[in-house]
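Chemist: Shown below is the structure under consideration.
Only the coordinates and a few stated rules stand behind these numbers; no lab work does. Being a predicted model, the structure only gives us computed values, none of them experimental. Counting neighbours? That spans all protein chains shown, and the Cβs are built from the backbone with ideal geometry, glycine included.
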Amino acid sequence: MKASRPTPSLSAKLITLVCVFGFVFVQAQIAFAQTGNITVQVDKPGAPIPKTLFGLFFEDINFGADGGLYPERVKNRSFEFPNPMMGWKQLDRGDTKGELYVFDHGSINDTPNSHYLRIKVATAGKGFGVMNEGFRGIGVEKGADYFFSISARRIDGSPAALRVEVEDDSGHLLGQTKVSGFTTDWKTYTASVRTTETNNKARLNLLLEGSGTLDVDMVSLYPKMTWENRENGLRYDLVKLLKEMRPGFLRFPGGCIVEGRYLDQRYQWKTTIGDLDDRRLIINRWNTEFNWRLTPDYYQSFGLGYFEYFLLSEDIGAEPLPILNCGMACQFNSSELAPLEDLDHYIQDAIDLIEFANAPVTTAWGRKRAELGHPAPFNLKMIGVGNEQWGPQYIERYEIFARVLKEKYPNVALVSSAGPAPDGERFDFLWAKLRELKADLIDEHYYMAPKWFRDNAGRYDNYPRTGPKVFAGEYAAQSVGIASPDIDRNADVVQMSSYAPLFGHLEAWQWTPNMIWFDNLRSYATPNYYVQKLFSVNRGTRILPVLLDGSAKNGQGELFTSASLDERTSEVILKVVNTAPSAKEVRINLAGAKTLAKVGKAFILESADLKAENSLDNPTKVAPIERQLTVPAVEFAYRFTPNSLTVMRVALR
Ligand code: AHR
């Protein structure tokens, strides 16, 4: 774990671009040319490229879940933050006498949701109640509908109704509704609000009409429009960006979130499914992680829990890859360990998760899945044992997990950890031990300077072709620099890769760089996203060898390449990064191709200005453009523009 500060400039993005080239190329290795001859050996297809080569890493960091992908507008909706009134303020319209109390017993569901708010009005007037500030404000759109819901019970008097207002920060009303008919039992009341203007900093008011006492809990304002229009669904614009990448897998829930600062703050999947008020809120470990980016209002409501995660994976066509705690809290924090003899509970969680995902509906966990609305299995094929763990303590725990899980589920691949850095003593120790243990996939993390990527362009060329495969599970270039290594060309060793972190709220981030930025209503993808996307949607099915100036060796320089064959469409795919500030004239030879379509396609991501960035107002300033590619013969000339990634697709006839 190593965080850099603010958002990187285009130079860092280009680096990541090259890194993606490189890293994403952990599989598809890129080569470098001193001069200008690229030969793609079209008639020598090599190893298959796994569908999982390019995927996604999701963690609830930077308001990635609550306040982000999970579009609930009310912060601290169940009054369960340690300060139960955080995010809420008393609202007094002047002529009403009222009081607010928080109780921690007698709620609709005392475990785990014991707190609720009591609104007591002695003398009725224009209104008394509370205001919720949302996640750095509440985003609403003109003409959009929002579901309001609340659990409430009448204690005494005759509170006639609860007025629900959405207003801007100057008090101008944007939408309103009412709920009424309260009884002395807890009940859920719902209503719909249509907002008349777009506002990214609105707030929600709850005002009691009449006099009396009302208890309230589980307050929600939720957009009707979600991905697939699901109730409790996910934010549409963000899922769209994910789906458009055609990711091979979706890693979840992280990241250090898996581990927690202490074991009791680890991610426990069973507390994240079922009724929302059954989900146990905990502190988000990024709340206090960086003292220059403290985020005191960062908690995990788990509204986006494991069921929503499996649905999301299915929606975007990605294989789920859940990462489970293996009895170790974050080693950058407490390093707390579950004793080896107490690991059963952790292993049982893993077994139950596999059952929840895959077992028939006649079993307890399969039935649970069906009750939640998904009788068909999710077809889980892999899980991770621990996140970024290291040391003999990890190996001891991994070994026990692997023994039990492999015996019960021999076809479920296990992802194990190579620690937080891509080399060094910890890394070497873990690789050696995990190789002995015949691990399936080893998760390498690289948050490194761009130079490292360039220097490691050939990183995977000499990895053994037998034994564990590589999962480049978290990577990003974290400073300004130049180029990097290769994943595509080593797809027989590197089977999976994912850039990290994925999301960042522009006003609530803890870590940069991130792949997608958003505020309460809008979002934009970074050039790094477009690099990932270009690689992912142009993956191909078999590696093609590439020679740069006659050499198959990766090197240092300004051009990096990889190539693949897409057997589904019979196309040759060539990817070239030009890291130079000048154009490169290159002769391309698609050697061994008998006949080619005369016209192909080129997708180009480029920018003359290395400081260029995308933004909410200009989201595609640096984004791929598509050009027609003229292919007069098997050998042809091409000019690669400065600071560019070019992906060519040419059909074989
Ligand atoms: O991606 C941010 C953090 O980096 C992850 O939580 C952790 O696994 C790594 O240290």
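Chemist: If r is the Cβ-Cβ distance from ASP278 to ALA637 and R0 is 45 Å, what FRET efficiency results, to the nearest 0.05?
Modeler: Numbers: r = 64 Å, r/R0 = 1.43.
Approximately 0.10, to the nearest 0.05.
Chemist: Right, something else. To the nearest 0.05, how large is the calculated FRET efficiency for ARG568 and ASN379 if R₀ is 25 Å and r is the Cβ-Cβ distance? Present the calculation step by step, with values, prior to reporting the outcome.
Modeler: Details: r = 21 Å, r/R0 = 0.85.
For ARG568 and ASN379, the calculated efficiency is 0.70.
Chemist: In nanometres, what is the gap between the two model label sites at ASP428 and ARG653, each 7 Å from Cα along Cα-to-Cβ?
Modeler: It works out to 5.6 nm between the two label points.
Chemist: May I pose another question? Are there any helices in the chain, counted as whole DSSP H runs, that stretch 20 Å or more along their axis by Cα and score at least -1.0 on average by Kyte-Doolittle, and if so which? Write out the running numbers ahead of the final one.
Modeler: Details: long enough: 344-358 (21 Å, -0.12); 391-408 (26 Å, -0.77).
Long hydrophobic helices here: 344-358, 391-408.
Chemist: Amide H of GLY384: which non-local residues (sequence gap of 5 or more, or other chain) have their own amide H closer than 5 Å, using H built in the peptide plane?
Modeler: So GLY384 has HN proximity to ILE323, LEU324, VAL415.
Chemist: Using only DSSP helix segments of four residues or longer, with each worth -39500 (n - 2.57), what per-residue ellipticity at 222 nm results for the chain after dividing by its residue count and rounding to 500? List each step's numbers first, then the result.
Modeler: Numbers: 9 runs with 104 residues, N = 653.
Helix contribution divided over all residues of the chain: -5000 deg cm²/dmol.
Chemist: Given a Förster distance of 45 angstrom, what is the FRET efficiency for ARG542 paired with GLU197, based on the Cβ-Cβ distance and rounded to 0.05?
Modeler: Numbers: r = 53 Å, r/R0 = 1.19.
In this case the efficiency is close to 0.25.
Chemist: Now a separate question. Given points 7 Å out from each Cα along the Cα-Cβ axis, report the HIS345 to THR595 separation in nanometres with one decimal.
Modeler: 6.9
Chemist: Moving on. At a 10 Å Cβ-Cβ cut-off, how would you order HIS445, HIS115, HIS345, fewest neighbours first?
Modeler: Working: HIS445 23, HIS115 19, HIS345 10.
Fewest-to-most ranking of HIS445, HIS115, HIS345: HIS345, HIS115, HIS445.
Chemist: Residues in segment 172-186 near a label at LYS126, defined as backbone nitrogen under 14 Å from the 7 Å Cα→Cβ point?
Modeler: Counting backbone N atoms under 14 Å from the label point, the list is 172-173.
Chemist: How long is the gain from TYR101 to MET86 if the chain were fully straight, where each residue apart is worth 0.36 nm and the alpha carbon distance is subtracted?
Modeler: Details: separation 15, 0.36 × 15 = 5.40 nm, distance 1.34 nm.
Here the answer is 4.1 nm.
Chemist: Considering only DSSP beta bridges with both partners in the chain, what is the antiparallel share in %, to the nearest 5? Display every interim value, and only then the final one.
Modeler: On the way: 110 of 147 bridges.
Antiparallel: roughly 75 percent of the beta bridges in the chain.
Chemist: When the dipole is taken about the Cα centre of the chain, and only Lys, Arg (+1) and Asp, Glu (-1) are charged at their Cβ, what size is it in debye, to the nearest 20? It would help to have the intermediate numbers written out before the result.
Modeler: Working: 74 positive and 78 negative charges, 364 e Å.
Roughly 1740 debye for the chain.
Chemist: What is the fewest-to-most order of MET382, MET448 by other Cβ atoms lying within 10 Å of their Cβ? Walk me through the numbers on the way to the answer.
Modeler: On the way: MET382 20, MET448 23.
The fewest-first ordering by Cβ neighbours comes to MET382, MET448.
Chemist: Right, another one. For the chain, what relative contact order do you get, as a whole percent, if you take Cα pairs closer than 8 Å and at least 6 residues apart?
Modeler: That works out to 23 percent.
Chemist: Can you put THR188, THR272 in order of Cβ neighbours within 10 angstrom, beginning with the fewest?
Modeler: With the sparsest Cβ surroundings first, the list reads THR188, THR272.
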